[in-house]
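Take a look at the structure below.
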Amino acid sequence: MEEWSDDEIHQNLEDLQDFEFLNSVHRLRIDKWEHSRLNWDDHVRQLVHEDSFENEYGMPLSCYNGLVHILRPKLQKKDYNCRGELITTEHVVANGLRILGGGRPKDQRHIVGMSRDASYKSFCSFLDAVNSAPELDIKMPSTPDEWDEIYQEYRSKSTHEIMAGCVGCLDGFFQRTNKPTKLEVANVISYYSGHYESYGINCQACVRANLQFMYFGVVSPGSTNNNISFPLAPGLKEIFDSLPPGLFGLADAAYTLSEKLLIPFVGTDRCDPSQDAFNYYLSQLRIRVEMAFGRLVNKFRILSGKVGGSMDRVSAILMACARLHNFIIKWKGQDAIAAEYASVDDEIEALHITPNSDAPLGMSYLPVIPDEEFEAFPGISRTREAIVEHIREHDIRRPLHNIVRQRREQLELVVVSPNGSEIDREFISPV
């Protein structure tokens, strides 16, 4: 048997020690780290003591508990089996709301106390639960009483009841996304909007006067304009086309004028004082949809930039945000929502909402009801003509304070895009 020299023995011992060290590191990597979960009860007591729960989670504690109650049946069966403490429904909801609020999963996991993989998986479970909960469904009115409630809400917002027939305000929302892959979509370039210089998707929305969404849907690729996207929104156009005489929706000039969808006058038509007044009263109501978008983005900061992930994931995030937006408003009540700002102007300023002068909307009073022989043509609206005639007969004008504000805003109608070109100002998800 060959004998080893002292140097060889020493070298072999060092190699053995290195091997044991590497093996111990390998075992550490295999063994799961036992994360210390956030003590939810202590966490809540601290936030309530600091009066900061709503600031942290975007809703009051009672609203949060209501959401947990709704989602628990869908999330409790997804509680992760782990060697340490259980990841509870409260943890999953907290992680989800923090991410929708703009936090990164890899950061939020340290707050809740879970692995990176668990943070991502629980977020996906949270989105699925929110989007599948029937209590959070976004629904268009289906009964005469529901339509009348919405009608009365808008009527109360319309000065002199000029736009008393309004039962919904529509607009599109462009959400920036990363470039989709060819495996996801057939036509990648259709998702690129040259106007906004970004890939994205087009959402269509219709809101009540209380800023809740009656309809919210991810409808088309980002290069598709609102006028084309509107008919693509499942059931939305059909519902408005079937409204009884005297009821209508309001939209901006990107949509096609019809008897059931009124839009503002543009170009030189606005020089007529009565038509300019019509634009004001239409804008007075249609601003509600812009305010809803402003609240949506301010509440869920994940929408303030590009939303990463697949198109399906982006759609799920958008729908979850819209559903939670409605849930919060319903839970808090309209009086509480209205009390957050002293006036509509204060809210518009706080949310950085500036109406495009080419697309202001207003209210509408319908003194003349079309008879049974009336025939509608796209691009023509006798309803709008009747409202303008009513404004002209009663010598109604745009208020002086709004004229001053309009002149100020006209100086800010154009914004500079990232590549240096000038584009008209209108609402999109902020950069």
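Throughout, read-outs are computed from the coordinates displayed, never taken from laboratory work. Worth saying up front: this structure is predicted, and the values here are computed from it rather than measured. Ideal geometry is used to build each Cβ from the backbone, glycine not excepted, and the neighbour counts take in all protein chains shown.
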Which whole number of Å³ per residue matches the convex hull of the alpha-carbon atoms in segment 40-136?
94
Can you list the HN-Hα couplings for segment 386-399, worked out from phi with the Karplus curve (6.51, -1.76, 1.60; θ = phi - 60°), rounded to whole Hz and with x for Gly and Pro?
5, 5, 4, 5, 4, 5, 5, 5, 9, 6, 8, 10, 5, x
Taking other Cβ within 10 Å of each residue's Cβ, how do C206, C124 sort, fewest first?
C124, C206
From the residues I99, F53, C63, which one has its Cα farthest along the dipole of segment 40-136 in the positive direction, the dipole being from +1 and -1 charges on Cβ of Lys/Arg and Asp/Glu about the Cα centre?
I99
With 23 Å as the limit, write out which pairs from K121/K306; K157/K260; K139/K330; K139/K306 have Cα-Cα distances beyond it, or answer none.
K139/K306
Return the sequence-ordered ³J(HN,Hα) values of segment 90-100 in whole Hz as given by the Karplus equation 6.51 cos²θ - 1.76 cosθ + 1.60 applied to θ = phi - 60°, using x for Gly and Pro.
4, 5, 5, 5, 4, 4, x, 5, 5, 6, 5
For segment 111-119, Karplus couplings with θ = phi - 60° (6.51, -1.76, 1.60), whole Hz, Gly/Pro x
6, 6, x, 8, 6, 4, 5, 5, 5
Please give the charge dipole size of segment 40-136, origin at the Cα centre, charges +1 on K and R Cβ atoms and -1 on D and E Cβ atoms. Round to the nearest 20 debye.
520
Over 20 Å [Cα-Cα, segment 147-207], rounded percent
50
In debye, nearest 20: dipole of segment 169-284 around its Cα centre with unit charges on the Cβ of K, R (+) and D, E (-)?
400
Using only the alpha carbons, work out the radius of gyration and Dmax of segment 107-192 in angstrom.
21.2, 58
Within segment 316-332, which residues have the backbone N less than 20 Å from the label spot 7 Å out from H69 along Cα→beta-carbon, could you tell me?
323-332
